[in-house]
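The values are calculated or read from the model by the stated rules, or taken from the named source; none is laboratory data. Note that the structure is a prediction, hence the values are computed from the model and not measured. So basically every Cβ, Gly included, is an ideal-geometry build from the backbone, and we count neighbours across all protein chains shown. Please note that ligands, DNA and RNA were not included when accessible areas were found on the heavy atoms of the full protein model with its side chains. Shrake-Rupley method; radii C 1.70, N 1.55, O 1.52, S 1.80 Å.
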Amino acid sequence: MRAFDVVEPVLAATFLGLAYRTVRTSGVGLRVAVLVMAVFNAGLLWTLADTGPSWSVPVVAGFSLVCAVFSSLAAMRTLVARISYIDAAGYERIIERAEAQEDPQVLGLCVLFTGTLAVTTFAGDAQPDGKMHHLVASDRCYFCLVEDRMRAWLGDRAPLVEEYRAQLRAGHSRHFLAKRRSPQEPWTGRLRDRLAYRLPKVRPPCDVHDPLFAGR
């Protein structure tokens with residue numbers, strides 16, 4: 001066995017290991033991370049199949065699979081560590097804090113399939129690391145909470161409310177993302193393109209939203 005027969009697979013495996021770590025800590029979305037690593041894996045494995053020893057492709061592919069599983073578990077642990085659980089008073093404090101801050105604000109609201117309301121405060125000067133808060137399920141309709149916030153920040157006739165309800169009729173709980181550059185400028189909002197959750201199986205009765213879910 002030539003020395004180069006070992007060096008080439010080792011270099012490829014080392015590159016993939018570092019690439020997994022770099023992509024995981026870069027903050028890119030899941031789809032981008034998967035696409036980037038798929039390209040890296042395809043390119044390196046194709047090169048090894050063409051120039052490396054016969055054993056190099058399954059060995060490096062197995063190593064890459066281990067790295068992928070480890071990176072997924074590490075990303076999940078990081079996400080869980082960012083979550084704090086709040087009550088109704090805590091939710092109101094988050095909203096009040098966002099409205100009172102002088103620096104730019106970005107805040108997300110989404111009803112998860114578990115019935116929890118996820119409140120995401122993105123990184124900024126007042127909160128450098130960002131945070132995700134979960135308002136656990138209760139007897140309140142959290143879809144109403146999301147729509148109330150849309151109307152409060154975007155206006156009583158905000159078209160986004162109807163867009164949000166259209167998504168609910170289709171069975172999708174969408175992530176409402178609100179932004180404000182400064183207290184002197186109005187809030188803007190949109191539904192995040194990539195985030196859609198199933199409707200929760202169990203939810204409190206609501207005269208407003210129950211008709212949208214009829215038949216589901």
Review point. Does the range 171-188 include one or more residues that are without any contact (Cβ under 8 Å) to a residue 40 or more places away in the chain and of a type in the set (Gly, Ala, Ser)?
Key: no
Study note, to complete from the structure: Taking the range 56-73 and keeping residues closer than 16 Å to VAL10 by Cβ, in contact with a helix residue (DSSP H, G or I) (Cβ under 8 Å, 6 or more places away or on another chain) and open to solvent by 70 Å² or more (accessible area, probe 1.4 Å) leaves VAL59, PHE63
**Study point:** Residue ID - farthest from the chain's Cα centre (by Cα), chosen from residues in the range 168-216 that are in a loop (DSSP other than H, G, I, E, B) and of a type in the set (Val, Ile, Thr)
**Key:** VAL208
Practice item. Go through the residues of the range 203-213 one by one and say whether even a single one is touching a strand residue (DSSP E or B) at 6+ places or on another chain (Cβ under 6 Å), among the charged types (D, E, K, R) and within 26 Å of ASP139 (Cα to Cα). Key: no
Review point. What number of residues within the range 166-195 are open to solvent by less than 90 Å² (accessible area, probe 1.4 Å), farther than 29 Å from ASP103 by Cβ and in contact with a helix residue (DSSP H, G or I) (Cβ under 7 Å, 6 or more places away or on another chain)?
Key: 1
Review point. What number of residues within the range 111-123 satisfy the criterion of being in contact with a strand residue (DSSP E or B) (Cβ under 6 Å, 6 or more places away or on another chain) and open to solvent by less than 30 Å² (accessible area, probe 1.4 Å)?
Key: 8
Review point. Does at least one position in the range 35-47 carry a residue that is under 19 Å from the mean Cα position of the chain (by Cα), open to solvent by 70 Å² or more (accessible area, probe 1.4 Å) and either modelled with pLDDT under 90 or within 18 Å of LEU11 (Cα to Cα) (or both)?
Key: yes
Point to revise | Within the range 85-110, tally of residues that are in contact with a helix residue (DSSP H, G or I) (Cβ under 8 Å, 6 or more places away or on another chain) and surrounded by fewer than 16 Cβ atoms within 10 Å (Cβ to Cβ) | key: 0
Study note, to complete from the structure: So, first residue farther than 17 Å from PHE122 by Cα in the range 74-86, second residue open to solvent by 70 Å² or more (accessible area, probe 1.4 Å) and modelled with pLDDT of 75 or more, Cβ within less than 7 Å, six or more apart or across chains; the pairs are ALA74/ARG24; ALA75/ARG24
